[in-house]
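For reference, the structure is listed below as structure tokens.
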Amino acid sequence: MNKGQLLYEGKAKRLYETENPEVLFVEYKDSATAFNGEKKADIAGKGNLNNQITTLIFEKLQANGIESHFVKRLSDNEQLVRKVEIIPIEVVTRNIAAGSLAKRLGFEEGTALKRPIVEFYYKDDTLGDPLITTEHIDVLGIATLAEVEELYNAALHVNEVLSPIFATVGVTLVDFKLEFGRDNHGNVLLADEISPDTCRLWDTKTNQKLDKDVFRRDLGSITEVYEIILQKLGGN
Ligand code: U5P
């Protein structure tokens with residue numbers, strides 16, 4: 001499968017066409033960004049780590065009956081995925097209060113929530129990815145109500161599968177962000193990546209942060225902690 005024309009360059013990945021109109025080539029970049037792109041750095045090896053971690057997670061989800069756009073990993077920083085049109089909603093699921101939930105509602109970071117919460121954010125850099133309700137999504141025509149329900153249920157299902165996978169290797173899945181897309185037939189499919197860039201992962205015993213908060217908050221080397229996650233998930 002050859003890399004064709006560059007279709008899209010995001011903060012962490014580049015997407016290329018292939019000769020197959022249903023399949024795209026994804027290249028993971030060695031860049032880290034936070035706070036809507038205000039903080040940026042090039043971090044050697046990060047693309048490789050996220051490509052490997054995302055691969056392992058999508059494979060584990062598939063083994064548990066959750067399909068995604070993932071087709072296969074091709075190299076250190078490249079993978080093939082099914083082509084979808086991304087729905088501009090970030091679906092965030094939370095088990096423990098942290099990040100913007102702690103900040104916005106005054107929860108103490110680390111407070112266990114009595115049940116998982118699913119939130120929707122409108123993916124729009126100029127608006128700063130605001131929290132958005134089901135009604136906003138419907139009225140703005142971003143997705144149908146049936147699709148919103150599908151995203152909600154899919155997010156909880158992913159949480160049910162991933163939380164115990166992380167728990168058995170001593171990691172707490174605090175929260176995570178998912179993205180979905182529509183394929184050529186209009187089916188909604190889990191897409192993008194699932195990695196320490198898009199999840200909060202805490203060492204269950206020590207509460208050490210093993211995710212992008214290490215970069216956001218200048219807590220040390222992110223490649224060191226991403227490497228720990230990769231090892232724990234069975235990578236090498
Ligand atoms: N998140 C992303 N991308 C974003 C915003 C948030 O992946 O643009 C992830 C964070 O890494 C965290 C979760 O795991 O969504 C909730 O983030 P926050 O709303 O607490 O900042």
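Values quoted throughout were computed directly from the atomic coordinates according to the rules given, and no laboratory measurement underlies them. Every value quoted in this text rests on a predicted model; they were computed, and no experiment measured them. Heads up, the Cβs are rebuilt from the backbone with ideal geometry, glycines too, and the neighbour counts pull from every protein chain shown.
Using +1 on the beta carbon of Lys and Arg, -1 on that of Asp and Glu, and nothing else charged, what's the dipole of the stretch 102-236 about the Cα centre, debye to 20?
With only Lys, Arg, Asp and Glu charged at Cβ, the dipole is about 540 debye.
Sorted from largest to smallest, which semi-axis lengths in Å does the alpha carbon gyration tensor of the stretch 41-97 give for its equivalent ellipsoid, taking the root of 5 times each eigenvalue?
Numbers: eigenvalues 81, 62, 39 Å².
Rounded to whole Å, the semi-axes are 20, 18, 14.
Just to be sure I understand the rule: take each whole DSSP H helix in the chain, project its Cα atoms onto its long axis, keep it if the span is 18 Å or more and its mean Kyte-Doolittle hydropathy is at least 0.5. Which ones pass?
145-167
With a/c under 1.5 counting as rounded, go ahead and sort the stretch 68-142 into rounded, prolate or oblate using the C-alpha gyration tensor (a ≥ b ≥ c being the square roots of the eigenvalues; past the cut-off, prolate if a/b is larger than b/c, else oblate).
oblate
Of I194, P21, I132, which is farthest towards the positive pole of the chain's charge dipole, taken about the Cα centre with +1 and -1 on the beta-carbons of Lys, Arg and Asp, Glu respectively?
Among I194, P21, I132, the one farthest towards the positive end of the dipole of the chain is I194.
What 222 nm value per residue comes from the helices of the chain, counting each DSSP H run with n ≥ 4 as -39,500 (n - 2.57) and dividing by all residues, nearest 500 deg cm²/dmol?
Using -39500 (n - 2.57) per qualifying helix, the result is -9000 deg cm²/dmol.
Collect residues whose amide H, placed 1.01 Å from N in the peptide plane, falls under 5 Å from the amide H of T204; neighbours closer than 5 in sequence don't count.
Here V171, T172 satisfy the definition.
Taking the Cα centre of the stretch 113-188 as origin, sum charge times position over the Cβ atoms of Lys and Arg (+1) and Asp and Glu (-1), and report the length of that vector in debye to the nearest 20.
On the way: 5 positive and 13 negative charges, 67 e Å.
Charge dipole, the stretch 113-188, about its Cα centre: 320 debye, nearest 20.
Quick one: compute the contact order of the chain, relative version, from alpha carbon pairs under 8 angstrom and 6+ residues apart, as a percent.
Result for the chain is 18 percent.
Obtain the nm distance between the two label points defined at R216 and T111 by a simple spin-label model: each point lies 7 Å from its Cα along the Cα-to-C-beta direction.
1.8
Is the stretch 1-76 rounded, prolate or oblate when judged by the Cα gyration tensor, a ≥ b ≥ c being the square roots of its eigenvalues, rounded requiring a/c under 1.5 and prolate requiring a/b larger than b/c? Walk me through the numbers before you get to the answer.
On the way: a/c = 1.95, a/b = 1.24, b/c = 1.57.
Verdict is oblate for the stretch 1-76.
Can you pull out the GluC sites (Glu not before Pro) in the stretch 20-99 that DSSP calls coil and that have at most 10 other Cβ atoms within 10 Å?
E38
Rounded to the nearest 20 debye, what is the charge dipole size of the chain about its Cα centre when +1 sits on each Lys and Arg Cβ and -1 on each Asp and Glu Cβ?
On the way: 28 positive and 38 negative charges, 134 e Å.
Computed charge dipole of the chain: roughly 640 debye.
Which value in Å is the Kirkwood Rh of the chain over different Cα pairs?
18.2 Å is the Kirkwood radius here.
Show which aspartates and glutamates lie in cross-link reach of K60 when reach means a straight Cα distance below 15 angstrom and same-chain residues fewer than eight apart are skipped.
E160, E193
For the chain, with the dipole built from +1 on Lys and Arg beta-carbon atoms and -1 on Asp and Glu ones, taken about the Cα centre, which of L173, L7, F58 lies farthest toward the positive end?
With unit charges placed on the Cβ atoms, the residue in question is L173.
For the stretch 115-236, treating each Cα as an identical point scatterer without solvent, what Debye log10 I(q)/I(0) comes out at q = 0.14, 0.19 1/Å?
The calculated log intensity ratios at q = 0.14, 0.19 Å⁻¹ are -0.71, -1.11.
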